[in-house]
Amino acid sequence: MPVFLVGAGPGDPGLLTLRAKHLIETADVLVYDYLAAEPILAFAAPECERIYVGKRAKAHTMSQDEINALLVRLALEGKRVVRLKGGDPFVFGRGGEEAQVLRAAGIEFEVVPGITAGIAAPAYAGIPVTHRAHNTAVTFVTGHEDPSKDLSTLDWSKLADPHQTLVFYMAMSNLAQISAALIRHGLAAVTPVAIVHEGTKPAQQTLVTTLENASADAERARIGPPAIVVVGDVVGLREELRWFDRRPLFGKRVLITRQAPSSDAFAERLREAGAEPVLAPLIRIVPPEDAQAAAAAVRTIGDFDWVVFSSRNGVERFWQELAGAQLDARALSGVRIAAIGPRTAEALQTRGITPDFVPSRYVSESVAEGLLARTKPSDRVLLFRAQEARDVLPDTLRHAGRAVTVVAAYRAVRAPVPDLARLVERCDILTFTSAGIVRSFVAQLEDAVAAARGKIVACIGPITAQAARDAGLEPGVVAEEFTTEGLARSLVAAR
């Protein structure tokens, strides 16, 4: 089994290569650096062993020799090892040294390149490292040479060329000396410099300065590593070409409290708006207390005139019961279908079913109104829904003479988040997509009202918003369309 030396890219999970993602998902052991972003680590399977070997200035978890020995040991144990390194393994990442150690131990390896921060961070800051009108070359330079060397091997006279762009890695601790050396060898003191901290991440910060002021300005702005330093005329293009930090939710941390994978699309939509999603699933979906009722309803589905699905979870559970009964979508022949919202309708459509009815407003009251207009007294209606759902819909239908069977397809139970208080403290926006999630949030924090103070409370709709108010949390944003996409749009509009 080879060891995989994998580049994690600069931090934005969208820049991870497909090969890298596959290897992370299938790893037995993940040996990862400080610069490997948490959303990327989340691709690993729950049973994957994670070993942090990060190295920061004066804070090394392991020495390089210890990391090398660890990789050899894990490989000899027959494990599928992914060595996950920020950026690219072979661009100032010491991946070449690790590959040499593996080869010397007779262990095969594969190198998976990653997008290096020296290209990505400037691009996300609106700075092209090459531009025909400004430079004819770009040079990538380490700002932290091997401390065991007696003398620097950098040729400062060649680096101090105004016709090229210089991109420095790991330069913050030596920025004053680097700037002085470039000026001493002929580069103008007013040469533009950009320092990009946490490049490609929602926490990205870009400081534009000059060569003579770079070190003092960085210290004044309290910008430290990790950062990329760009020196050259191309820095002047930033104001014209900046795009990432112009996004509407740039720099905001948003707490997502619903369970994955339901939260995946919401998190991606927030990333596209420039925010950093912080995952804290406060509920989990489990079978209902009476699991046999759902199975019996599916086996007799032909006895109903309508089936109403209240969520994607209900659709998934229904198809599980169909498979268990050795049935498929043909069992729904002659039965009309209602979906409470577009995501539920989408889940049905992926299974070859186009709903007969999707309400314009995704609450029980609107579903009841629409169903009453499409049904007649004595029609048999199956509600396939969450165990804890409100009774507005079945009560309204029964009052109008419809024969209603309510089946609990699943239930949402509280999921403990041990570090919830810390996650909430980090965030600017708290999102809630159900009343149950609000109750779980309040139950898990000693003083939820105090924890939410100064933060935007965003709710998916009026029912959830009322649950928040009942708990003492005043919603600042309530989605007009009761979907996560609608909630994301409302957050953007309220920025």
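How tilted is helix 484-493 with respect to the longest principal axis of the chain? Cα atoms for both, answer in degrees (0 to 90, nearest 10).
Tilt relative to the chain: about 50 degrees.
How large is the dipole of the chain about the Cα centre if only Lys and Arg carry +1 and Asp and Glu carry -1, each at its Cβ, rounded to the nearest 20 debye?
On the way: 55 positive and 57 negative charges, 156 e Å.
Dipole size: approximately 740 debye.
What percent do you get for the relative contact order of region 329-482 when only Cα pairs under 8 Å and 6+ apart count?
15 percent
In region 147-206, which trypsin sites (Lys or Arg not before Pro) fall in coil by DSSP and have 14 or fewer other Cβ atoms within 10 Å? Walk me through the numbers before you get to the answer.
Details: sites: Lys149, Lys158, Arg184; in loops: Lys149.
Here the sparse-neighbourhood loop sites are Lys149.
How big is the Kirkwood radius of region 312-398, worked out from every pair of different alpha carbons and given in Å to one decimal?
On the way: mean 1/r = 0.0728 Å⁻¹.
Hydrodynamic radius (Kirkwood, Cα pairs) of region 312-398 is 13.7 Å.
In nm, give the distance between the simple-model label positions of Val392 and Lys55, each being 7 Å from the Cα along the Cα-to-Cβ direction.
It works out to 5.9 nm between the two label points.
Evaluate the Kirkwood expression for the hydrodynamic radius of the chain, namely the inverse of the mean inverse distance over all pairs of different C-alpha atoms, and round to one decimal in Å.
Values: mean 1/r = 0.0384 Å⁻¹.
About 26.1 Å for the chain.
Just from its helices, what would the mean residue ellipticity at 222 nm be for the chain, if runs of 4 or more DSSP H residues each count -39500 (n - 2.57) and the sum is divided by every residue, rounded to the nearest 500 deg cm²/dmol?
On the way: 20 runs with 167 residues, N = 495.
The helix-only estimate for the chain comes to -9000 deg cm²/dmol at 222 nm.
Compute, for region 383-495, the length of the dipole vector about the Cα centre, with Cβ point charges of +1 (Lys, Arg) and -1 (Asp, Glu) only. Units Debye, rounded to 20. Let's see the in-between values first.
On the way: 14 positive and 13 negative charges, 45 e Å.
Using only the charged Cβ atoms, the result is roughly 220 debye.
Per the Kirkwood definition applied to all pairs of different Cα atoms, how many angstroms is the hydrodynamic radius of region 57-198? Don't skip to the end; give the middle numbers.
Numbers: mean 1/r = 0.0569 Å⁻¹.
Mean inverse Cα-Cα distance, inverted, gives 17.6 Å.
Note down the Stokes-Einstein diffusion coefficient of region 119-246 in µm²/s, whole number, using a Kirkwood radius over alpha carbon pairs, 37 °C, and 0.692 mPa s. List each step's numbers first, then the result.
Details: Rh = 14.5 Å.
Estimated via Stokes-Einstein, D reaches 226 µm²/s.
Against the 2.2 N^0.38 Å scaling, with N counting residues, where does region 3-114 land? I'd like the Cα-based Rg ratio to two decimal places. Don't skip to the end; give the middle numbers.
Working: Rg = 12.6 Å, N = 112, 2.2 N^0.38 = 13.2 Å.
Region 3-114 yields a ratio of 0.95.
About its Cα centre, what dipole magnitude does region 1-66 give when the only charges are +1 on Lys and Arg Cβ and -1 on Asp and Glu Cβ, stated in debye to the nearest 20?
Details: 6 positive and 9 negative charges, 51 e Å.
The dipole of region 1-66 has a size of about 240 debye.
What residue among Phe266, Ser310, Ala373 has its Cα farthest toward the positive end of the dipole of the chain, where the charges are +1 on Lys, Arg and -1 on Asp, Glu, each on the Cβ?
With unit charges placed on the Cβ atoms, the residue in question is Ala373.
Along the positive direction of the dipole of region 286-413 (beta-carbon charges: Lys, Arg +1; Asp, Glu -1; about the Cα centre), which of Leu348, Val298, Ala325 reaches farthest?
Leu348
So, how do all the Cα-to-Cα distances of region 405-445 break down into 10 Å bins, in percent, from 0 on up?
So the P(r) values, bin by bin, are 23, 49, 19, 8, 1.
Quick one: order Arg312, Arg469, Arg222 by neighbouring beta-carbon count within 10 Å, fewest to most.
With the sparsest Cβ surroundings first, the list reads Arg222, Arg469, Arg312.
How would you rank 185-193, 457-465, 172-180, highest first, on the average number of other Cβ atoms within 10 Å across their residues?
The packing order, highest mean first, is 457-465, 172-180, 185-193.
Express in nm, to one decimal, how much length is gained between Asp328 and Glu77 on full extension, taking 0.36 nm for each residue of separation and deducting their alpha carbon distance.
85.9 nm
Could you state the angle between the C-alpha long axis of helix 435-444 and the longest principal axis of the C-alpha atoms of the chain, as a value from 0 to 90 degrees rounded to the nearest 10?
Rounded to the nearest ten degrees, it is 60.
Using Cα atoms only, what is the angle between the long axis of helix 312-324 and the major principal axis of the chain, expressed in degrees (0 to 90) to the nearest 10?
The angle comes out at about 70 degrees.
Which one, Leu430, Cys48, Thr483, is farthest towards the positive end of the dipole of the chain when Lys and Arg carry +1 and Asp and Glu -1 on their Cβ?
It is Thr483, whose Cα lies furthest towards the positive end.
Mean separation of Cα pairs under 8 Å and 6+ residues apart, divided by the residue count of region 1-123: what relative contact order is that in percent?
Working: 239 pairs, mean separation 51.0, N = 123.
That works out to 41 percent.
Where in region 458-486 does the label zone of Ala450 land, with the point 7 angstrom along Cα→C-beta and an amide N cut-off under 18 Å?
Correct set: 471-474.
Laboratory data are not the source of any read-out in this text; all were calculated from the coordinates shown. All figures in this text were calculated on a predicted structure; none of them were measured in a lab. Here Cβ is always computed from backbone atoms with ideal geometry, including for glycine, and neighbour counts include all displayed protein chains.
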